[in-house]
Amino acid sequence: MKTTVTPSLKNIAVMTGGGDAPGLNAVIRAVVITALNYGWQCYGIRDSYDGLLAPARYPNGGLIHLTREAVRGITHLGGTILGTTNKGNPFEYPMPGSDGQLQLKDRSDELIAAFKQHQLDVLVAIGGDGALSIAHTLSQKGLAVMGVPKTIDNDLAPTAVTFGFDTAVSFATECIDRLHATGHAHSRIMVVEVMGRHAGWIALHAGVAGTADAILIPEIPYDLNRVVAKIKARRQEGHHFSLAVVAEGARPTAGTVSMVERPGGVKRLGGIGQKVAEELQALTGQDARAVVLGHLLRGGTPTAFDRLISLRFGAAAVRGLAAGHRNVMVALDSPGVRYVPLAEATKQIKLVPLDSDLIQTARELGICLGD
Ligand code: F6P
């Protein structure tokens, strides 16, 4: 391969931040192999930034030298060989205070100093809107950054799609197929709750592909009576089972999103599937069961589509660095990729447009969207 080398660039730091998504390892592999072709070395930071901010935690060091051997055979693996965390924001880093309680401390200057100390010239940050916002703020403090969009939620605005989404949708669709079978056998209402935070991409795509009878997404607040009417109409037609896909961020017209409290008092989206199932059972008199797919959507082998997007993003990230791009994010702009300023990339999340073809298709196929 013929390469043009940016002389000032020698060492690339790579981090994965926030929730994992299938395809992270494929991105890391593509970054490393492409960088080696330019004569650059890559170093993976363990657990987002913890490898630099809390190196003592790692007996073999908080940085992993990403050689060609280190990234061999990982394209198809879920998770991330670097580890990740959604509690490692360097601007609000949890540290024990004098009273033993955790306090949030701004450790961004220390982090930037650690980059200099390790002679890391540029950061490839692979993350969703949270991790990319942090990377953007670090870039405003002088760190050179290249962002790569990751999330199963597909809610990053400037890219046509994020890697991880296709795998999540494929798995959710397979689960819906299975739940159709058991729902049919028992004449039950099956309710499937899927992740996606405040966007309904996973629910809508998997719901349409899995031929759900109802799909409830955050973008369309629902009236459960609509779903009940759909279920009753099906019964009249002789279909004594129904299946509803519910996004974790869905909410009723006269209500709020459903949250669960985790240990430590942290509140997270959750519980809506169970609520909907209980209410549907009460309103229809029909047995209902809820299934939460949750983190199953994040694990597992990336689909071929996600592997390809990941490998393309990883190679494009390094190609962009070679071309002099800094403080941008790689975005899919079919048939190619483009580089979007990080400021723009993290401005707002991408929701399902209500006038989109897929919403229209769902309605035309008779799927109840709760409105
Ligand atoms: O953003 C990815 C995602 O899986 C969301 O769909 C979900 O709401 C959240 O992360 C769950 O995060 P955690 O890893 O904290 O359970």
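Each value in this text was obtained by applying a stated rule to the coordinates, not by laboratory testing. Everything numeric here is computed off the predicted structure, so don't read it as measured data. Quick reminder, even Gly has a Cβ in these numbers, built from the backbone with ideal geometry, and neighbours come from all protein chains shown.
Dipole orientation for region 58-144: of the candidates Gly100, Ile134, Gly79, Gly79 has the Cα lying most toward the positive pole (charges on Cβ; Lys, Arg +1; Asp, Glu -1).
Restricting attention to the chain, lysine pairs at least eight places apart or on different chains and with alpha-carbon atoms under 25 angstrom apart total 25. Assign one of three labels to region 223-309, namely rounded, prolate or oblate, based on the Cα gyration tensor with a ≥ b ≥ c the square roots of its eigenvalues; rounded applies when a/c is under 1.5, prolate when it is not and a/b is larger than b/c, and oblate otherwise. The shape class here is oblate. If only the Cβ of Lys and Arg carry +1 and only the Cβ of Asp and Glu carry -1, the dipole of region 135-255 around its Cα centre is close to 240 debye. Among beta bridges identified by DSSP and lying wholly in region 213-371, the antiparallel ones come to about 65 percent. When you restrict to C-alpha pairs under 8 Å that are six or more residues apart and normalise by the size of region 292-371, the relative contact order lands at 15 percent. Structural descriptor for the chain: relative contact order 21 percent, calculated from alpha carbon pairs under 8 angstrom and at least 6 residues apart. Here the chain is assigned +1 on the Cβ of each Lys and Arg and -1 on the Cβ of each Asp and Glu. Its dipole about the Cα centre then comes out at about 760 debye. Rg and Dmax over the alpha-carbon atoms of region 1-107 stand at 15.9, 58 Å. Axis angle, to the nearest 10 degrees, between helix 224-236 and the longest C-alpha principal axis of the chain: 50 degrees. When the charge dipole of region 154-294 is built from unit charges on Cβ atoms (+1 for Lys and Arg, -1 for Asp and Glu) and taken about the Cα centre, the candidate among Val291, Val228, His205 whose Cα reaches farthest toward its positive end is Val228. The modelled label-to-label distance between Thr301 and His240, using points 7 Å beyond Cα along the C-beta direction, is 3.9 nm. With the alpha-carbon atoms of region 117-245 aligned to their principal axes, the span from lowest to highest coordinate is 69, 27, 21 Å, starting with the largest.
Using helices alone, I'd like the mean residue ellipticity at 222 nm for the chain: each DSSP H run of four-plus residues gives -39500 (n - 2.57), total over residue count, nearest 500. Mind dumping the intermediate values first?
On the way: 11 runs with 129 residues, N = 371.
Rounded to the nearest 500, the figure is -10500 deg cm²/dmol.
Here region 270-371 is treated with +1 on each Lys and Arg Cβ and -1 on each Asp and Glu Cβ, and its dipole about the Cα centre works out to around 700 debye.
Entry note, region 139-212: relative contact order of 31 percent, from Cα contacts under 8 Å with a spacing of 6+ residues. Put simply, the Cα atoms of the chain extend 72, 56, 33 Å along their principal axes, the longest span coming first. Among Asp333, Asp166, Asp155, the largest mean-square fluctuation in a Gaussian network model of the chain (Cα springs under 10 Å) belongs to Asp333.
Å³ per residue of the Cα convex hull, for region 298-340?
Spread over its residues, the Cα hull of region 298-340 gives 83 Å³ apiece.
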